[in-house]
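Asker: Shown below is the structure under consideration.
Read-outs throughout are calculated quantities, based only on the coordinates presented, and are distinct from any laboratory measurement. Bear in mind the structure is a predicted one, so any value in this text is a computation, not a measurement. Don't worry about glycine lacking a Cβ; one is built from the backbone with ideal geometry, like all the others, and counts go over all protein chains shown.
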Amino acid sequence: MGNSILRTDKLCKSFSSSGVQQHVLKNLDLEIQAGDFTVIMGSSGSGKSTLLYTLSGMDKPTMGDIYFGERSLSGLSNDQLAVFRRQHCGFVFQQIHLLDNMSVLDNVLAGGLLVSKNKRSVAAEARKLLAQVGLPATAWGKFPSQISGGEAQRAAIARALINRPQIVFADEPTGALNSATSTLVLDVLTEVHQSGQSLIMVTHDIKSALRGNRVIYLCDGIICGDLRLEPYATDELTARNEKLKAFLSEMGW
Ligand SMILES: Nc1ncnc2c1ncn2[C@@H]1O[C@H](COP(=O)(O)OP(=O)(O)OP(=O)(O)O)[C@@H](O)[C@H]1O
Ligand SMILES: [Mg+2]
């Protein structure tokens, strides 16, 4: 068992709309190990995205706390939380949020220049990452509207990695992609895991979940299942698939 990188202590998140309180996360205790590729599954509305956004400091808990290492996030101001996210977290979303009026390369650079003033080293890192996610150099100068959805998602992953985040958060990163393109994006995320970074990914998709080494299942705001898998390797996919399917069927998926 590795070191804990994120830990929640009785995490609660509620929303109120039209005077009605909805308790979405209920006293959730969860420990995420550094270097794990943690997958969050569960039915629609079970609180997966809410958990991801509160874990990453994008949204604040209603009660309870989150610890990044020894540091409590509840003690941080909004500005401090923004700095925490920029320095330690990378984000990949289902809807790809690249800025339309900037080239692919500039999109990746922009995130890096928020943290480092050394333009030359940020540019070198951005090029390295774009190559690493498999984007041909001919695409780097294009605008997001001029590349495919899969290429855009790979560019978005390069942007998420520019500040060498300790944790990458991904919310259905292949949700808007076709199967072949999903595989390319999942291969990139698997490489990120293999390079030692921690990932937390929400997905509805078994093929995506197979890439993780831990699968947490949320039922109505509580954790009702927690499965460990060996780190992803292509030589034991059948057994891995069976194990995950058995777990999900037990969860009523
Ligand atoms: N900002 C918000 N204001 C009010 N209610 C919200 C808000 N965000 C989420 N909710 C509610 O919290 C519940 C859980 O939402 P969440 O987005 O976490 O679900 P999910 O598990 O990610 O679902 P899906 O698989 O459909 O993406 C839903 O009932 C949703 O309507
Ligand atoms: Mg969601």
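Asker: Tell me the mean residue ellipticity at 222 nm calculated for the chain from its helices only (DSSP H runs of n ≥ 4, each -39500 (n - 2.57), averaged over every residue, nearest 500). Show your work: numbers first, answer last.
Answerer: Values: 9 runs with 94 residues, N = 253.
Calculated from helices alone, the mean residue ellipticity at 222 nm is -11000 deg cm²/dmol.
Asker: Tell me the relative contact order for the chain as a rounded percent, counting alpha carbon contacts under 8 Å between residues six or more apart.
Answerer: Details: 457 pairs, mean separation 63.3, N = 253.
Relative contact order comes out at 25 percent.
Asker: Report, by chain and number, residues whose modeled amide H sits under 5 Å from the one on Gly225, excluding near sequence neighbours (fewer than 5 apart, same chain).
Answerer: Answer set, sorted by chain and number: Tyr217.
Asker: Another question, if that's okay. Just to be sure I understand the model, the point goes 7 Å from the Cα along the line to the Cβ. What's the resulting Ser18 to Ala34 distance in nm?
Answerer: 4.8
Asker: Kindly count the pairs of lysines across segment 28-155 whose alpha carbons are less than 19 Å apart, treating pairs on different chains or eight or more residues apart as eligible. Intermediate results must be reported in sequence, preceding the final value.
Answerer: Working: Lys48/Lys60; Lys117/Lys128; Lys119/Lys128; Lys128/Lys142.
For segment 28-155, qualifying lysine pairs total 4.
Asker: Let me see the P(r) profile for segment 55-137: every Cα-Cα distance counted, bins of 10 Å, each bin given as a percent of all pairs.
Answerer: 15, 39, 29, 15, 2
Asker: Let me ask something else about it. What are the ³J(HN,Hα) couplings of segment 60-74, residue after residue, when phi is run through the Karplus curve with 6.51, -1.76, 1.60 and θ = phi - 60°? Round to Hz, x for glycine and proline.
Answerer: For segment 60-74, the Karplus curve yields 9, x, 7, 8, x, 9, 10, 10, 9, x, 8, 8, 7, 7, 5 Hz.
Asker: On a C-alpha basis, how far is the centre of segment 208-253 from the centre of segment 29-80 in Å? Whole number, if you could?
Answerer: 20
Asker: Whose amide H sits under 5 Å from the amide H of Phe169, counting only residues 5 or more places off or on another chain, with H placed in the peptide plane?
Answerer: Gly90, Phe91, Val92, Ile200
Asker: While we're on this one: How far, in nm, would the chain grow between Asp235 and Ala123 when pulled straight, counting 0.36 nm per residue and subtracting the alpha carbon separation? Working shown, then result.
Answerer: Numbers: separation 112, 0.36 × 112 = 40.32 nm, distance 3.68 nm.
Length difference between fully extended and current span is 36.6 nm.
Asker: Over the chain, with a Gaussian network built from C-alpha contacts below 10 Å, which listed residue (Val108, Val188, Val83) shows the highest mean-square fluctuation?
Answerer: Maximum among the listed residues: Val83.
Asker: Report the convex hull volume per residue for segment 4-251, counting only C-alpha atoms, in Å³.
Answerer: On the way: hull volume 34.2 nm³, N = 248.
So the per-residue Cα hull volume is 138 Å³.
Asker: Gaussian network model of the chain, Cα springs within a sub-10 Å range: biggest mean-square fluctuation belongs to which of Asp36, Asp65, Asp79?
Answerer: Looking only at Asp36, Asp65, Asp79, the biggest GNM fluctuation is shown by Asp79.
Asker: Which of the cysteines in the chain are isolated, no other cysteine C-beta under 4.7 Å?
Answerer: Those would be Cys12, Cys89, since no other cysteine Cβ in the chain comes under 4.7 Å of theirs.
Asker: Please figure out what share of the DSSP beta bridges in the chain is antiparallel and state it in percent, rounded to the nearest 5.
Answerer: Numbers: 23 of 41 bridges.
Antiparallel bridges: around 55 percent, rounded to the nearest 5.
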